[in-house]
Structures are given as C-alpha cells and as structure tokens.
Amino acid sequence: MGVTRKQAENIASVLSEGMPYIQRFYGKIIVVKYGGAAMSDVSLKKGFARDIALMKLVGMKPVIVHGGGPQIAKELKKAGVTSDFNSGLRITDESTMAVVKKVLGIKVNDEISTLISKSGALSKGLNHENSKIIRASKLISESGLDLGLVGKVDKINAKDIRSLISKDIIPVISPIGLDKQSQCLNINADLVAGKVAESLSAEKLILLTDVNGIKDDEGNLLSKISSAKAKKVLKNGIVKGGMVPKLIAALEATQKGVSQAHIIDGRVPHAVMLEILTKEGVGTLIS
C-alpha cells in the first residue's frame, strides 16, 4: 500500500522540524536506560529498537543500559522464589541472583541487542560473562539493611564502551557488576545508566519509566526542574519506590558533567524520539 501525498507531507514536515535537534545531538553520546512497560509490550519493544537505530543512522551515539524487572519477576515466580524490595532495590539472595544472571545478564541483553541490529544498526550486548564494564562493591541500604548480592558502581570501564562506539556499534549494557573477587552483584539499572553517562561525559541521559514524569506534592507533573528542586523532592519523600533511584541517577549525572537528564514515560510509543526531536518531550527534565 503506497503512501498518500498527505502522509508524505506529514513525514517531510516532521523530518524538517526535527532537523535542529538532529544537528544539536549529531556526534553526541546519549545514554538511554531501557526498562518497564517499554520492554514488555511487543510493539513498544520494536518501536524502541527502531528509534535507537534511527538515532544512530542520523549521527547520534546511543548507549543502552537495560533493566528487566518484569522478566525477572516472571522467572522468579516460575522458580518459586520470592524477593522483596527496599527503596526500589531488589533484595537479592543466591537463588535470586541465579535468575538475575540468566534473565538480565543473558536473555534480555541478547534480545535487545538482536532487536536493534535487526532494525538496521550494529549493536553488541555487554554482560557479566563477556565483559568487565562495571566494577562494583556490596551496597548497604541507608537504613543499614543487608540487601544481599546488591551492588553499587565503583567504576565504569569507559574505554571498552568507547571502543565499540568508535566502531559504530551500539553498546547494550546489562547492570550486573563484578566485585574484586569477580562475584556478580545486582545493581539498579537507573544508577548504572547514570554512572555510564558520567563516565562517557554524555550529552544526555534518558531514563524510561512507567509514569508520565515526576510530580509535585499536589500531583502536578513537573516538566522541568533544577538540581536544587530535585534534591528538595527527594528530601521531602515526594517520590517513592522505583522513582527514587531514577531521580538520584538523574541528579548525580547532571552534577557530574552530563548536560541534561530526562525521566520519560516509556509507555508512550516512540517516547525516545519524541524526547530527542521535539521541544516539549514527554517527561521531566532535570538540568
């Protein structure tokens, strides 16, 4: 079925309006944390892969860090393993870690890399088996609770990531770190994405979520907030659960050289391209 003249005009208009944004981000590194509904819905998955491939084809340098919460939860349920959360972090014992390594480290990592490659841009999955991208150590929660095999990022091996970028390959990073004893540690993907963005001096950090952005205490969407306002929102406990590590990652990244961080609604089709190529975007900008 052919494209009508009206459809062609619309496509031409969109491309023309997007040109200033393509020019702005041409040659720039953009770190995208991929997770939530955008990873579960088939059409959203395909749309995300196409968006990332398009970013690469118009001269941007995307780097993907992915989560896998729903997939892990499904596999844990099948295995009869229960796990709890503390401030958005999954408490991880040995049996939970075995599932995390299998699902987050291999299965999901391979799937995302394959989808992007099929969409027309070379990509390579980086996980705990084929790379040592994330150096980590055990994380103890602020309340002093032992979270098990949960880690925090000590160092990102930016050299290996830059090596792939220089070969026009999109890195797809699984958020499993290795400690000094080469033990695997489960790390929140938002926090890993923030540290990856910092280590690469990225132009932009985009964090996909399942809500339409950060809201104030009256429930109004905050389309743009300063670092000072973000700190206040965190301190006052306005954001809860999984939004806490997202806001922390965005805040720390912008304080350490990343120009902008954006928390966007991954349930919106082509959310990443809407964020990159439009003035308004689809979430909360922290700058």
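The values are calculated or read from the model by the stated rules, or taken from the named source; none is laboratory data. The structure displayed is predicted, hence computed values, not measured ones. FYI the Cβ positions are ideal-geometry reconstructions off the backbone, even for glycines, and counts take in every protein chain you see.
One table, with the values for the structure above:
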quantity	calculated
Which numbered condition residue 237 misses (of (1) closer than 30 Å to residue 129 by Cβ; (2) at pLDDT below 90)	(1)
Flag if residue 208 is under 27 Å from residue 40 (Cα atoms), among the aliphatic types (A, V, I, L, M) and modelled with pLDDT under 95	yes
Meets criteria (surrounded by 19 or more Cβ atoms within 10 Å (Cβ to Cβ) and farther than 15 Å from residue 175 by Cα) for residue 48	yes
Residues satisfying the stated conditions in the range 269-286, i.e. of a type in the set (A, V, I, L, M, F, W, C) and in contact (Cβ under 8 Å) with a residue 40 or more places away in the chain	271, 272, 273, 276, 277, 282, 285, 286
Breaking point among (1) over 18 Å from the mean Cα position of the chain (by Cα); (2) surrounded by fewer than 16 Cβ atoms within 10 Å (Cβ to Cβ), for residue 201	(1)
Residue under evaluation residue 215, criteria (1) more than 14 Å from the chain's Cα centre (by Cα); (2) basic (Lys, Arg); (3) within 23 Å of residue 50 (Cβ to Cβ), criterion not met	(3)
Options 237, 213; residue that is touching a strand residue (DSSP E or B) at 6+ places or on another chain (Cβ under 9 Å) and either surrounded by 14 or more Cβ atoms within 10 Å (Cβ to Cβ) or not in a helix (DSSP H, G or I) (or both)	213
Qualifying position, being within 17 Å of residue 176 (Cα to Cα), in contact with a strand residue (DSSP E or B) (Cβ under 8 Å, 6 or more places away or on another chain) and at pLDDT 90 or above, among 60, 97	97
Residue in the range 253-267 that is modelled with the highest pLDDT, counting only those that are in a loop (DSSP other than H, G, I, E, B) and under 15 Å from the mean Cα position of the chain (by Cα)	258
The range 250-277: number of residues that are of a type in the set (A, V, I, L, M) and surrounded by fewer than 19 Cβ atoms within 10 Å (Cβ to Cβ)	2
In the range 256-287, the residues that are among the charged types (D, E, K, R) and either in contact with a strand residue (DSSP E or B) (Cβ under 7 Å, 6 or more places away or on another chain) or closer than 22 Å to residue 199 by Cβ (or both)	256, 265, 275
Residue among 230, 250 that is touching a strand residue (DSSP E or B) at 6+ places or on another chain (Cβ under 6 Å), farther than 24 Å from residue 40 by Cα and either small (Gly, Ala, Ser) or at pLDDT 85 or above (or both)	230
Test: residue in the range 268-284 that is basic (Lys, Arg), in contact with a helix residue (DSSP H, G or I) (Cβ under 9 Å, 6 or more places away or on another chain) and not in a helix (DSSP H, G or I)	yes
Evaluation of residue 21 against (1) in contact (Cβ under 8 Å) with a residue 60 or more places away in the chain; (2) closer than 21 Å to residue 127 by Cα (one fails), failing number	(2)
Selection status of residue 45, within 24 Å of the chain's Cα centre (by Cα) and outside any strand (DSSP E or B)	yes
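Here's the yes/no breakdown for (1) in contact with a Pro (Cβ under 8 Å, 6 or more places away or on another chain); (2) touching a residue at least 24 places away in the same chain (Cβ under 8 Å); (3) within 27 Å of residue 113 (Cβ to Cβ); (4) of a type outside the set (A, V, I, L, M, F, W, C):
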position	(1), (2), (3), (4)
5	no, no, no, yes
27	no, yes, yes, yes
33	no, yes, yes, yes
39	yes, yes, yes, no
43	yes, yes, yes, yes
59	no, yes, yes, yes
68	no, yes, yes, yes
